[in-house]
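A short write-up of the structure that comes next.
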Amino acid sequence: MTMIIDCHGHYTVLPKAHDAWREVQKLAFGNSVAPPPYPAISDEEIRETIEDNQLRLLRERGADMTIFSPRASAMAPHIGDQNVAIQWAQVCNDLIARVAALYPETFAPVCMLPQSPKADMRASIAELQRCVDMGFIGCNLNPDPGGGRFEHPPLTDSFWYPFYEKMVELDVPAMIHVSGSCNPALHATGAYYIAADTIAFMQLIQGDLFKDFPNLRFIIPHGGGAVPYHWGRYRGLADMLKQPDLASHVMNNVYFDTCIYHQPGINLLADVIDIKNILFGSEMVGAVRGIDPRTGHYFDDTKRYIDALNLPEADRHAIFEGNARRVFPRLDARLKARAQ
């Protein structure tokens, strides 16, 4: 029987004390003083936020497990400095670790990184190692830590290579995921997220990253941004740039999730992108939370869209379970240890 693994979940409804401490931390930085100690948050408070939100919806919508990370819009490494970013990443990741410990059969932890815009990747390497040591299975990598300025070098640049070396050493993938936008011209979830997804893919076309790191694995969320819709454009650009065909140049290492909130979009994704490159995801309780008046169902109930594709069982299994286990080998090992 196929397990339904949601590859894209964030802790979006958090204990109030956690969010309140973040505001105090930001104020403390502005006043050049140390923030107060992080508050004590009980297991019961965590259970209340999880059971009323992600856990309830997972059960209602027929999923078995979610790959779970801190709230993306609040990662915000552009706020404060490197010390602020490190402290914030640690408390957010520790909270994810607690959720995974309380519900080990349902939540598989993925970490955020302290990618302060003026810093190199050393602190992020250390945080990834710390989190993997706690049982995390992957990370969220922000291609634009400046929050909408796009001042960082492309993902193919050697700036990122020390981090990629650690990813390969630990055998973990990264979801390419920006955070909140500090640019008023870029709505965070409607413009910035989708633009960043698309930009990341084009950067990968332009470089030769996977020649240097053949085992590196990236998930580009939100259905790959604009990429599947413009697949002919990107194939044509690869040809114009004298790059190999996308199938060998990029698509042995890059995967798209199904966080696309209407049936025609899912149909397009499955028609254009190879099944081996598609992972089920919903990002529920995230960017789009309402009910679609045309269908009467929640926009982010994406399992319904996959079910409606009427796929062969092998393809359905790949999207819902097999691809996630292949892309996240630490998850696969955990499930095998539980005889799943």
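The values are calculated or read from the model by the stated rules, or taken from the named source; none is laboratory data. None of these values were measured; they are calculated from a predicted model. For neighbour counting, all protein chains shown are included, and Cβ atoms are generated from backbone atoms with ideal geometry for every residue, glycine included. The area values use the complete protein model at the heavy-atom level, side chains included, leaving out ligands, DNA and RNA. Shrake-Rupley method; radii C 1.70, N 1.55, O 1.52, S 1.80 Å.
Summary table
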| quantity | calculated |
| --- | --- |
| The stretch 42-70 residues that are at negative phi, paired with ones that are buried (at least 22 other Cβ atoms within 10 Å of the Cβ) and among the basic types (Lys, Arg) (beta carbon under 8 Å, 6 or more apart) | none |
| Count - residues of the stretch 267-287 that are touching a residue at least 60 places away in the same chain (Cβ under 8 Å) and under 14 Å from Gly322 (Cα atoms) | 3 |
| Candidates Ala108, Ala89 - the one that is surrounded by 23 or more Cβ atoms within 10 Å (Cβ to Cβ), assigned to a strand (DSSP E or B), in contact (Cβ under 8 Å) with a residue 24 or more places away in the chain and aliphatic (A, V, I, L, M) | Ala108 |
| Filter pass, Phe256 being assigned to a helix (DSSP H, G or I), at pLDDT 95 or above and farther than 24 Å from Ser116 by Cβ | no |
| In the stretch 295-322, residue farthest from Met284 (Cα to Cα) [restricted to those that are polar (S, T, N, Q) and out of contact with any Gly (no Cβ under 9 Å at 6 or more places or on another chain)] | Asn310 |
| Helices (runs of 4 or more DSSP H) contained entirely in the stretch 138-227, each with at least 3 residues that are open to solvent by less than 40 Å² (accessible area, probe 1.4 Å) | 161-170, 193-206 |
| Of all residues making up the stretch 271-282, the number that are touching a strand residue (DSSP E or B) at 6+ places or on another chain (Cβ under 7 Å) and either in a helix (DSSP H, G or I) or open to solvent by 10 Å² or more (accessible area, probe 1.4 Å) (or both) | 1 |
| Identity of the residue in the stretch 28-39, touching a residue at least 12 places away in the same chain (Cβ under 8 Å) and not in a helix (DSSP H, G or I), that ends up nearest to Asp81 (Cα to Cα) | Pro35 |
| One residue from Arg326, Arg334 being assigned to a helix (DSSP H, G or I), of a type outside the set (A, V, I, L, M, F, W, C) and either in contact (Cβ under 8 Å) with a residue 12 or more places away in the chain or buried (at least 18 other Cβ atoms within 10 Å of the Cβ) (or both) | Arg334 |
| For Gly296: the one exception among (1) open to solvent by 70 Å² or more (accessible area, probe 1.4 Å); (2) farther than 17 Å from Gly9 by Cβ; (3) not charged (D, E, K, R) | (1) |
| Residue in the stretch 64-86 that is at pLDDT 95 or above, over 25 Å from Ala196 (Cα atoms), in contact with a Gly (Cβ under 8 Å, 6 or more places away or on another chain) and buried (at least 19 other Cβ atoms within 10 Å of the Cβ) present | no |
| Hits in the stretch 228-251 (condition: closer than 19 Å to Asp315 by Cβ and surrounded by 15 or more Cβ atoms within 10 Å (Cβ to Cβ)) | Pro228, Trp231, Met251 |
| Pair list, Cβ < 6 Å and 6+ apart or interchain, from the stretch 3-27 residues that are within 25 Å of Glu60 (Cα to Cα) to residues that are in a helix (DSSP H, G or I) and open to solvent by 30 Å² or more (accessible area, probe 1.4 Å) | Pro15/Glu45 |
| Residue count, the stretch 171-221 (criterion: β-branched (Val, Ile, Thr) and out of contact with any strand residue (DSSP E or B) (no Cβ under 8 Å at 6 or more places or on another chain)) | 6 |
| Selection from the stretch 168-179 of residues that are in contact (Cβ under 8 Å) with a residue 40 or more places away in the chain and more than 14 Å from the chain's Cα centre (by Cα) | Val168, Leu170, Asp171 |
| Check on Ala100, touching a residue at least 12 places away in the same chain (Cβ under 8 Å), of a type outside the set (S, T, N, Q) and within 17 Å of Thr12 (Cβ to Cβ) | yes |
| Inter-residue pairs, beta-carbon under 6 Å, first more than 12 Å from Ser69 (Cβ to Cβ) and in contact (Cβ under 8 Å) with a residue 40 or more places away in the chain and in the stretch 124-142, second aromatic (Phe, Trp, Tyr) and in a helix (DSSP H, G or I), 6+ apart | Ile125/Phe163 |
